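Enquirer: Here it is, the structure, as structure tokens.
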Amino acid sequence: MSSTETESVPAGTWALDPVHSTISFAVGYMAGTFTGGFGDFDAAVTDGVLAGSAKIASVQVKDTDLAAHLQSPEFFDAQRYPELAFASSAITRTGNRIRIDGEITIKGHVEPVEVTGDITDTIADPYGGERFGLALAAVIRRDEFGVSWNNPLPSGEPALSNDVTLIAELQLVKQT
């Protein structure tokens, strides 16, 4: 199907399949990449608009002390800002590639963001429903949202990168 024959996203209302979806992040840390995610999140496509949110208290990392630190005011400040959110303003599709312009809100601060990735065509699933998938990524600068904690290396360089990659692997199911 050519891009002129394909809608940017399927029409109608599509709800998240949380079992087959993930929201995660990756950030350079010291000599590698640190990853984590959120266990409690939601997303939907309604009339061509993608919107979603994640509960900060559901941040998942491999260490409980670090999870608590990420919820502190030095990072997400979960007590004052319990959610991060995204809403699209424009979606364009070329073949299986998709670009989504929108706004992301972290710690109560809103910034524009460009999200790119892949979209699948709709399929009939084995449960009698219809679904499509999105594999998306965006890079944000955490200091733009007031997330500026760092621990300098002996060289004076920051241990934690300012650039954070947000990753969404979403399966969305048509609502009737």
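Enquirer: How much net charge surrounds Asn96 when only the other residues with a Cβ under 9 Å from the Cβ of Asn96 are counted, with Lys and Arg +1 and Asp and Glu -1?
Expert: On the way: positive: Arg93, Arg97; negative: Asp118, Asp121.
Local charge sum for Asn96: 0.
Enquirer: How high is the FRET efficiency between Arg93 and Thr176 when r is their beta carbon distance and R₀ equals 30 Å, given to the nearest 0.05?
Expert: On the way: r = 24 Å, r/R0 = 0.79.
The calculated FRET efficiency here is 0.80.
Enquirer: If you take the alpha carbon radius of gyration of segment 1-146 and divide it by 2.2 N^0.38 Å, what ratio comes out, to two decimals?
Expert: Working: Rg = 16.5 Å, N = 146, 2.2 N^0.38 = 14.6 Å.
The value comes to 1.13.
Enquirer: With charges only on Cβ, +1 for K and R and -1 for D and E, what is the dipole size of the chain about its Cα centre, in debye, rounded to 20?
Expert: My answer is approximately 80 debye.
Enquirer: Using a 1.4 angstrom probe and counting only protein chains, how large is the accessible area of Glu144 in Å², to 10?
Expert: Its heavy atoms expose roughly 80 Å² to the probe.
Enquirer: Over the chain, what percent of the accessible surface lies on carbon and sulfur atoms, probe 1.4 Å?
Expert: On the way: 5150 of 9660 Å².
About 53 percent, which is the carbon plus sulfur part of the accessible surface.
Enquirer: Which FRET efficiency, nearest 0.05, do Thr165 and Ala11 yield, Cβ-Cβ r, R0 30 Å? Can you show the working numbers first?
Expert: Values: r = 30 Å, r/R0 = 1.00.
Result of the calculation: an efficiency of 0.50.
Enquirer: I'd like the distance between the alpha-carbon centres of segment 71-102 and segment 23-58, rounded to an integer number of Å.
Expert: Going from one Cα centre to the other spans 8 Å.
Enquirer: Using Cα springs under 10 Å in a Gaussian network model of the chain, which residue among Ser72, Ser155, Ser58 shows the largest mean-square fluctuation?
Expert: Ser155
The values are calculated or read from the model by the stated rules, or taken from the named source; none is laboratory data. These numbers come from a predicted model, not from an experiment. When we count neighbours, we look across all protein chains shown, and the Cβ atoms used for this are built from the backbone with ideal geometry, even at glycine. What goes into the accessible areas is simple: the full protein's heavy atoms, side chains included, and nothing from ligands, DNA or RNA. Shrake-Rupley method; radii C 1.70, N 1.55, O 1.52, S 1.80 Å.
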